[in-house]
1. Take the range 167-179 and flag every residue that is surrounded by fewer than 19 Cβ atoms within 10 Å (Cβ to Cβ) and closer than 23 Å to residue 93 by Cβ.
2. Between 182, 187, 158, 84, which is among the aliphatic types (A, V, I, L, M), over 23 Å from residue 328 (Cα atoms) and free of Cβ contacts under 8 Å to residues at least 12 places away in the same chain?
3. Quick check on my filter: what residues within the range 312-349 are buried (at least 23 other Cβ atoms within 10 Å of the Cβ), at pLDDT 80 or above and of a type in the set (Ser, Thr, Tyr)?
4. Tally time: how many residues in the range 240-250 are in contact (Cβ under 8 Å) with a residue 24 or more places away in the chain and either surrounded by fewer than 18 Cβ atoms within 10 Å (Cβ to Cβ) or more than 14 Å from residue 300 (Cβ to Cβ) (or both)?
5. Is one or more of the residues making up the range 98-117 at pLDDT below 90 and buried (at least 21 other Cβ atoms within 10 Å of the Cβ)?
6. Could you figure out which of (1) touching a helix residue (DSSP H, G or I) at 6+ places or on another chain (Cβ under 6 Å); (2) modelled with pLDDT under 90 isn't true of residue 167?
7. Just checking, does the range 191-205 include any residue being under 26 Å from residue 122 (Cα atoms), assigned to a loop (DSSP other than H, G, I, E, B) and either among the small types (Gly, Ala, Ser) or touching a Ser or Thr at 6+ places or on another chain (Cβ under 7 Å) (or both)?
8. When only residues in the range 91-123 that are charged (D, E, K, R) and in contact with a helix residue (DSSP H, G or I) (Cβ under 9 Å, 6 or more places away or on another chain) count, which is nearest to residue 161 (Cα to Cα)?
Amino acid sequence: MTGWNPSHSLGHSLWWGSDNEHFLWMRRHGANVTTTDVLPADMEPLIREYWKQFRVLSPEWFFALGICITALGLISLTGNSVVIYIFLTTKSLRTPSNLLVVNLAFSDFMMMFTMMPMMSVCCFSQSWIFGPLACGIYGAFGSGFGSISIISMMAIAIDRYRVIVKGLSGERLTYREAVLWICIIWIFVGLWTAAPFFGWNSYVPEGNLTSCSIDMVSHDWNSRSYVIAYGTSVYLLPLLFLSYTYFYIVKTVVEHEYLLRKQARRMNVDRLKPKQPGISVEAKISLVALMTVVLWFVAWTPYAALAILGSLTNGKLVTPLISIWGAVFAKAGSCYNPIVYAISHPKYQEALRKRLPRLYKFFSCTSSKPLEKVENQENQHESTTIEKIISPESSP
């Protein structure tokens, strides 16, 4: 059967419809079309044998993926650009600790800025159309910026751990130290990202042929060793570290709150009791702290699991459709990181209200209560305690 080469008719394949030759060809032969039938000739040497056993996705799936990744990209670019703007233009927010938050927002922004346009075009074209060189660059950007975000979260956790758990005995983060941490993060991730260009694993098309990543399905030791080592460095160890730090952060604050409430009862005062019925200080603190870990875990676990399954198993568990949705889940992490790390920040909310009042009103409308009312209902002690969790520069 003669295959369809997307590069021959890019203008027609971008927006397929009833009069599109590609669409009609897929409809006619869809039951027998494999990945090799729709892959451009210059990309064929990069496609792994594992993917050749699967039929190509239907046009409907490609269209859905294109819409999804475009929407996620716009949300991420908007959210993270606002975070960067607010933190860099507000003097009270330009603290050493918040440099780490800006680094996180920048890496999330760059991941979608470098990947979303190319993947969207390829989804609507129903194949990778930018050639082998762009495939490698695309894979490196996705791997690199995603890992920078994860390691930045570790750095933020370290800073919060020192402020809350260590208390007065902990060292405060300085500008010099923050810049040093950021440089180490970029160098560390840069080495991992560059390795596939020098022969340790490689950047290849993923199963749906609209994106590229490291080779997760080859079973030679070169590919497997990189997947195992890289996955351990940027997924398993960060997960264990974040779980450890946030466990002790929550534990410390809960114990502190318990002692204060106990003392308040002895003094026969009710100042420390939350004014919002049914919502305890402990629950709110736990929600803020654990959300950072849980959302990160939800975003990256499917993709990490697929990488391990593809590398260590010989079956058909990792299909093109499953693999691409795992990648989309991971990219979605760049959308809600700004909400967890910045929108919950008290000083950030105040700066947002002053600089972008319409956007502030939007978040107030989408909340169960306007942000101003929520802040006014919380007593000073409760606000100060929570700020220690979500505002690293706060003093213990």
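1. 170, 171, 172, 174, 175, 176, 177, 179
2. 187
3. Within the range 312-349, 323, 334 meet the criteria.
4. Looking only at that region, the number is 7.
5. The answer is yes, given that some residue of the range 98-117 is at pLDDT below 90 and buried (at least 21 other Cβ atoms within 10 Å of the Cβ).
6. Condition (1) is where residue 167 drops out.
7. Within the range 191-205, one or more residues are under 26 Å from residue 122 (Cα atoms), assigned to a loop (DSSP other than H, G, I, E, B) and either among the small types (Gly, Ala, Ser) or touching a Ser or Thr at 6+ places or on another chain (Cβ under 7 Å) (or both).
8. 94
The values are calculated or read from the model by the stated rules, or taken from the named source; none is laboratory data. Predicted model, so just to flag it, every value in this text is computed and none were measured. FYI the Cβ positions are ideal-geometry reconstructions off the backbone, even for glycines, and counts take in every protein chain you see.
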